[in-house]
Amino acid sequence: MRLAHVSIEGRGETDRFLAMVADALQAEGLRLSGVVQTNTARADRPKCEMDLRVLPDGPTLRISEDRGALARGCILDHAALEQSVAEVSRRLHGADVLIVNKFGKREAEGHGMVPVIAEALEAGIPVLVGVNKLNLEPFLAFAGEMSLALPADMRQAVDWCRAREVADVR
């Protein structure tokens, strides 16, 4: 089983990094499944808009709900997230790599992309996951000793995704 994760400091940095990795892998001809996230700040809202692009070629789904200018709590649209899970699952067969933008609160609870990650690992598809500090402990509890922490280095991440054997990149 091949599982790796990246955690990059700074709001949206992991999202940008994974999108660049996905673009590089697609340019090399790898078949991708998964999602990458784009965050768009709004001057009239304290929370950004969150969109997931389903790999390899869409659709793009808005996973945030506009709950008004005074919204403070979670704005995740659970139904949209589950729709993205279904889209990714449909595209998983034949993929060379699964990229998951975030192991977040839903995944820490055993929902969200967890079933797709498990399905990919069972099928021998390498999985690259973004994890923020808040959810690193639940991710490591989920992954056990299986996950390799990758640095914020494009070449290393792309090489890891392309490698057919874990030993090639360690």
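The slack between Arg155 and His93, meaning 0.36 nm per residue of separation minus the straight C-alpha distance, is 19.8 nm. Panel order for Val35, Val6, Val129, by other beta carbons found within 10 Å of each beta carbon, from fewest to most: Val6, Val129, Val35. Shape of segment 3-168 from its Cα gyration tensor (a ≥ b ≥ c, root eigenvalues): rounded if a/c is under 1.5, otherwise prolate when a/b > b/c, or oblate? Note, shape of segment 3-168 comes out prolate. One decimal place: the segment Arg62-Glu145 gains 26.6 nm when fully extended, by the rule 0.36 nm per residue minus the C-alpha distance. For Ala27 and Glu137, the difference between the fully extended length at 0.36 nm per residue and the C-alpha to C-alpha distance is 36.3 nm. Would you please classify the overall shape of segment 83-168 from the alpha carbon gyration tensor, given that a ≥ b ≥ c denote the square roots of the eigenvalues, rounded means a/c under 1.5, and beyond that prolate means a/b larger than b/c while oblate covers the rest? Verdict is oblate for segment 83-168.
FYI, it's all coordinate maths here, none of it is from the lab. Fair warning: this is a prediction, and the values are worked out from it, not measured in the lab. All Cβ positions, even for glycine, are placed from backbone atoms using ideal geometry, and neighbour counts span all protein chains on display.
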